[in-house]
Amino acid sequence: MVEYVWPDKKDASVLGGSFDKIDGPAKCTGTAKYSYDINPEGVLIARAYGCPQAHCKLKSLDLELAEGVPGVVAVRKMKELGDEIHWQGDLVAVVVGETEGAVAEGLAAIVADYEPLDVYVDDEDLQAAEAAGRTADSGGRVQLANEPEGDDEGFEDKELERLFKEAAAVVEGYYGIAAITHMCLETHGSTCEFKDGKLLAHLSTQNVSGTPGQFASPLKLTADDVTVHCDYIGGGFGSKFAVDRWDSLAAQLSKDLGRPVKLMLDRDLELKNGGSRPSGFADVKIGADANGVITVWDSHHWSAGGYGGGVLNQSVMPYVIVPPNYRRRVTNVKINAAPVRAWRAPNHPQGCALSQTAIDDIAAKMGLDSYDVFERNLVNVADEDRRGVYAEEMKIAAKLMDWKAKWHPHGKGDKNGSIVSGLGMALHTWGGGAHPSSCMVKIHPDGGVEAFLGSQDLGTGTRTVIAVVLAETFGLPVEAIKVNIGNSKYPMSGPSGGSTTVGGVSESSRRTGLDAREQLFEKVASKLGVPAESLEAKDGRIFSSEDSDKSLSWKDACSLLGMSPLEVSGRGYSRGSKLSSNGVGGVQMAEVEVDRETGVVKMKKFVAVQDMGLVVNRKTASSQIYGAMIMGIAYALFEERLMDKNSGAFLNAEIADYRLPRLGDIGELVVEIYEPESERARGVIGLGEPPVISPGAAISNAVANALGIRVPVLPLTPKRVLDSLKLQARSA
Amino acid sequence: MTTPEQLAHGKSGFSRRAFLKGSGAAAAATAMAGGPGLAAEEESSVISGMTTITLDVNGKQHKVEVEPRTTLLEALRYGLNLTGAKPISVDGSSGGSTVIMDGKPVSSNSVLAMECVGKPIQTVESLTGDSGVPHAFVDQDASQCGFCTPGFVMAVTAFLKKHPNATEEQIRDGLNGNLCRCGTYANIIPAVLDVVKGGGNG
Ligand code: FES
């Protein structure tokens, strides 16, 4: 019976080590081919035409001029006359041509007319949204420790009032976080090759195994006639799970025109259609006891999910630190924007930014050290097992930040000219359980090893994780394992979302590897005349633990397979597994400098301490955390979708206008992976999302600590900082 | 259709004078001096449609069909199937299409292919993974999705040519023309420092 477990730390040869990504050289020398890069013989270029208006009906659409442009091969409409269009940039037509130049000229020749309808895009101004009839109640929840006695109608309000009266400190605040886009640097799209009744789609996707069926049905095919291929994807972050309408059209066009068609969105339409994260704005009232422990919470948040999209989920208000008494309410603000898509750790970054800022304001109000208030509030962490982990992680982070030495009460730090500095922290949680995954392992008689999984690599290093797991299992070096992913004809693996991939592929490749190893061990056992149970694989040899003289090199062992390779398939079972688990936490601490004259916030130092169960590859795991911190700095200080209130136009839908941090903006970043034996023993847990959650609150808290006032809405742009300072000066 | 032979012998059925006038004296001089590009003719007219030019890419002369409006990026990606340089922004603001031309970093989507005739162009494909900047990037795990990485590698290569002994401060100040969404900056900084320590441009 094979026991599906990981080796102990002391016995592991490669598991948990630090390895270069096996596809690193391809990525760093430009030979890695993304969907955008695939140019089959005779490929046609297709580009979409976006509606310039934010809310309208399509009145007329004349494609004739475009069709007449030399080099244009076809023009297709994507909307019918009379169709209602709900956001600027929704796709109206597509031009297909021989060159980018011809297509651009074709797009410019499209003539369309629209009947304008009422436009509303201001997601922050709740009163304006109500006045415009653009709000809808999206529910809420009340939880109170006390029960009403009998049929007490107004109990909820009275009890909350009583709790707030009883509180030693009460803060009432307004907090917000603007909508942002995914901004995948490779835009959404595909290169489609339809030939002989079959489709080969080079799709930029986080979901290789799950997309063939979505291509098939509009083409009246079945999924077996479709191959989805994606060796490399230039960013997804939650926005590339589906076959989009423009991908289906590319496949149809390839079928109709008899040539391969490449349809990638251009940058402007990417930002308008390719995915955004819902905004969140909240009125929060929070009460604490004399120690700063939160006892009661009352919030109303509003959020815009775009046309037909979901709003910021109520479940993240309050976030992680959840007092025994709370009430929360959500309003959906309906704006003319494309529907939101899952954005790295959906809901959590906003929940963290809207609620752990309020907790920090309690610390400010009570003149307490924020660290102490967060630490005392760990009693409000629902999962008791995790409280100790957070406490440890806080200690480590504080040491790395030198928190105690640097701390000053809010607004009371030294001034260096117009510069003030501050500290802030936040903590987060995430699931990250393994997704379903299958794997096929081939061991060749000459010793070669291959693995096949219909998975994908978002940049986390999926290939390398699989190689590390199988190398550990077979006692081989990591580079000896050839990993094949990115093709839907390989065994099914789940979509890469929810930080489930590393857990999923580790589950399937470890189990399959162990099954294959057992079969090989049986052959080796009879050759060496030892029991198969006594065999181990390490350092390129298979040997008996009872008699280490009885051994074979890996190659000689594989030669026992005869003429054909050993092929073993298997899948992961996350339920009850010792290989994987779910539920991680992390703590982040930020140090910033704020210039009170210019309003510019500068990152000085940023510390992340993160647990993730058992670490497979330390190098790529650390990179995920660094990357998440930088993405966090982005939404905390720089990026937001800007919309014109009158026209509904998306004003900054180009890279030059959509501000993101650059290399010089990040300050010093410190990453620490928290992996004591108690965490390692839990098995592999996903990591991609959790470290992107805390930066908003941690950085906002640091700015509040520096200035002594809260700049309520993220990103903390110079204008917002200066506006808050002006407001403070006026009220003083 | 003009054949490459015709172009090489200056017998094309059109002139690129109008284009040359508009594209700077240096390009004109190179072409007129019998450089590898298109020879200029006396009569003046505007080029339109497809024509074949010769580009000096990674030390080799490549014939490629372009239109006057074809960018260098399109010529590289569609004409030569060199897809390391990426289309990321409409202008040069992402640095994703960076190549080195005449020793300087250039956003290949912001120049027309015809302007580049006669100028040595170096793309990321000229580098190998086992040395220099790409090696340091791999070693420091300075790529995630990797879509920005070729542009970054070329920007760093050009930067280090100019500043072979760059300090961390200079690196933080000098490499802000390139954008990475996945957040590899924290890995790029030590990668660049590694190249400096290893002797400048590796
Ligand atoms: S590595 Fe993905 S954009 Fe830089």
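What the table shows:
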read-out: Stretchable slack from B:V90 to B:D139, in nm (0.36 nm times residue separation minus alpha-carbon distance); value: 14.5 nm
read-out: The stretch A:30-107: GluC sites (Glu not before Pro) in DSSP loop, at most 15 other beta carbons within 10 Å; value: A:E41, A:E80
read-out: Near-label residues of the stretch A:124-164 by backbone N, under 20 Å of a point 7 Å along Cα→Cβ of A:V379; value: A:143-147, A:160, A:162-164
read-out: Accessible carbon and sulfur surface of chain A relative to its total accessible area, %, 1.4 Å; value: 48
read-out: Whether the stretch A:554-709 is rounded, prolate or oblate, judged on the alpha carbon gyration tensor where a/c under 1.5 counts as rounded; value: prolate
read-out: Cysteines in the protein assembly as shown that, by Cβ-Cβ distance, have no pairing candidate under 4.7 Å; value: A:C28, A:C51, A:C56, A:C184, A:C192, A:C230, A:C352, A:C439, A:C558, B:C116, B:C145, B:C182
read-out: Difference of contour (0.36 nm per residue) and Cα-Cα distance, A:D372 to A:D283; value: 29.6 nm
read-out: Sparse-neighbourhood loop sites, trypsin sites (Lys or Arg not before Pro) in the stretch A:678-717 - DSSP loop, at most 11 other Cβ within 10 angstrom; value: none
read-out: Net charge of Cβ neighbours under 15 Å - reference A:L368; Lys, Arg +1; Asp, Glu -1; value: -2
read-out: Greater than 28 Å apart at Cα, pairs in A:K240/B:K162; A:K604/B:K86; A:K365/A:K719; A:K406/A:K602; B:K63/B:K104; value: A:K240/B:K162; A:K604/B:K86
read-out: Förster radius 22 Å - calculated FRET efficiency between A:L65 and B:S48, Cβ distance, rounded to 0.05; value: 0.75
read-out: Delta accessible area of at least 20 Å² on complex formation, residues of the stretch A:5-30, 1.4 Å probe, chain isolated as reference; value: A:D20, A:K21, A:P25, A:K27, A:C28, A:T29, A:G30
read-out: For the stretch B:127-202: rounded, prolate or oblate by the Cα gyration tensor [a/c cutoff 1.5]; value: oblate
read-out: Where a label projected 7 Å from the Cα of A:Q519 along Cα→Cβ would reach, residues of the stretch A:538-561 with amide N under 12 Å; value: A:561
read-out: Computed FRET value (nearest 0.05) for A:E149 with A:Q127, which takes r as the C-beta separation and R₀ as 51 Å; value: 0.85
read-out: Gyration tensor (alpha-carbon) shape descriptor, the protein assembly as shown, a/c threshold 1.5; value: oblate
read-out: Threshold 50 Å² - residues in the stretch A:653-681 whose accessible area is reduced by that much or more when the chain is no longer isolated, probe 1.4 Å; value: A:I655, A:R662, A:L663
read-out: Residue-span extension gain [A:D224 to A:V111] - 0.36 nm each, minus C-alpha spacing; value: 36.7 nm
read-out: Point-to-point label distance, A:A681-A:L400, nm (Cα→Cβ direction, 7 Å offset); value: 2.5
read-out: Among B:159-168, A:308-317, the order from most to least packed when residues are scored by Cβ within 10 Å on average; value: A:308-317, B:159-168
read-out: Estimated buried accessible area (total), pair A and B, 1.4 Å, Å² to nearest 100; value: 4400
read-out: Environment charge at A:N705 (Cβ cut-off 12 Å; Lys +1, Arg +1, Asp -1, Glu -1); value: -2
read-out: At least 50 Å² accessible surface lost relative to isolated chain, residues of the stretch B:122-164 (1.4 Å probe); value: B:V138, B:D141, B:Q144, B:C145, B:F147
read-out: Calculated FRET value between A:V600 and A:R575, using beta carbons and R₀ = 60 Å, to 0.05; value: 0.75
read-out: Cα centroid separation - the stretch A:705-732 against the stretch A:670-689, whole Å; value: 37
read-out: Inter-part distance where the stretch A:1-77 and the stretch A:354-417 are each reduced to a Cα centre, Å; value: 42
read-out: Residue-normalised accessible area of chain A, given per residue in Å² at a 1.4 Å probe; value: 36
read-out: C-alpha center-to-center spacing [the stretch B:87-124, the stretch A:147-168] in angstrom; value: 67
read-out: Surface per residue (accessible, 1.4 Å probe) for the stretch B:127-202, Å²; value: 33
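The values are calculated or read from the model by the stated rules, or taken from the named source; none is laboratory data. Everything numeric in this text was worked out from a predicted model, so none of it was measured. All Cβ positions, even for glycine, are placed from backbone atoms using ideal geometry, and neighbour counts span all protein chains on display. For the accessible areas, the whole protein counts, side chains as well, though only heavy atoms, and no ligand, DNA or RNA atoms are used. Shrake-Rupley method; radii C 1.70, N 1.55, O 1.52, S 1.80 Å.
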